[in-house]
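Scroll down for the structure; my scribbles are underneath it.
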Amino acid sequence: MATLTEHTERKVVYFSTCAISQERIYSKSPYLQHKRMMEAYVKQHPTYLIIRLPNLVGGTGNPENLVNLLARKVRQHEVIDIWKNSIRNILDVEDAVQITNQLVEKDIFNKVIKVASTVNYRIEEIVSEISVFYGAKPRTNVITKPPDFEIYPSEIVRDIIGELGLNMDKLYFRRILEKYFNNQRNIPVTKREPDQVNEEK
């Protein structure tokens, strides 16, 4: 904390989360409370940029990353709890880096910017796409939850996406899977019984 206040001549870029905008659903989350506190602190710096990110996908081994977690459960034929009405915005981490670099180069500071893809997916679509990718039948357990809100990038980010020629259509997530998970396709999928739970609570 002291470092930030001691170096006021520097520019600060802080990575936060788009989930902050869904406070009604996640208001009790310690993680989001921490993010809100950090955003407020960073805003005290003379030159700051707060980047709010959605669900990132990249070459990370983090097992709790959303797509890593779902891919593992599909491959191991574990039951996946699917929140009905849940929506997720998926972004390639390399695209996030490119967009952030452009924001810094364009000298966009003292703003809170949503760096997200231009397409949202229902969680059922994400699980289905992963299952088709691996050629596996998912075991799902549908749970009713309050509806999520779709996440869209800030206007300046939309412009940058166009300038960079990033193709964020409905096949964007499929291309991300092919990019980061293709090496797992030849590994046999673990099969367990029963094949389908698919109960709604």
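The values are calculated or read from the model by the stated rules, or taken from the named source; none is laboratory data. Just so we're clear, the structure is a prediction, and the values are computed from it rather than from any experiment. Positions of Cβ are backbone-derived with ideal geometry, glycine not excepted, and every protein chain shown enters the neighbour counts.
Residues satisfying the criterion are present in region 136-152 (criterion: under 19 Å from the mean Cα position of the chain (by Cα) and of a type in the set (A, V, I, L, M)).
All conditions but one from (1) touching a helix residue (DSSP H, G or I) at 6+ places or on another chain (Cβ under 9 Å); (2) in a helix (DSSP H, G or I); (3) exposed (fewer than 14 other Cβ atoms within 10 Å of the Cβ); (4) β-branched (Val, Ile, Thr) apply to Thr5; the one that does not is (1). When each of Val119, Val93, Val132, Val127 is tested for being without any contact (Cβ under 8 Å) to a residue 12 or more places away in the chain and either under 17 Å from Val67 (Cβ atoms) or small (Gly, Ala, Ser) (or both), the lone residue that passes is Val132.
Among the residues of region 132-177, the ones that are closer than 15 Å to Asn89 by Cβ and part of a loop (DSSP other than H, G, I, E, B) come to 12 in all.
Residue-by-condition table, conditions (1) among the aliphatic types (A, V, I, L, M); (2) closer than 30 Å to Val142 by Cα; (3) surrounded by 18 or more Cβ atoms within 10 Å (Cβ to Cβ):
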| position | (1), (2), (3) |
| --- | --- |
| Pro54 | no, yes, yes |
| Ala71 | yes, yes, yes |
| Val79 | yes, yes, no |
| Ile90 | yes, yes, yes |
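Candidates in region 131-155 are the residues that are surrounded by 17 or more Cβ atoms within 10 Å (Cβ to Cβ) and closer than 28 Å to Thr100 by Cα; of these, the one that is modelled with the lowest pLDDT is Asp148.
Can you tell me which of Asn85, Asn110, Asn101 is in contact with a strand residue (DSSP E or B) (Cβ under 9 Å, 6 or more places away or on another chain) and either at pLDDT 95 or above or closer than 29 Å to Thr8 by Cα (or both)?
Just one listed residue meets the conditions, Asn110.
Within the set Leu49, Leu56, Leu70, the sole residue that is in contact (Cβ under 8 Å) with a residue 24 or more places away in the chain and out of contact with any helix residue (DSSP H, G or I) (no Cβ under 6 Å at 6 or more places or on another chain) turns out to be Leu49. Screening region 10-25 for residues that are out of contact with any helix residue (DSSP H, G or I) (no Cβ under 8 Å at 6 or more places or on another chain) and modelled with pLDDT under 95 and picking the one that is surrounded by the fewest Cβ atoms within 10 Å (Cβ to Cβ) gives Arg24.
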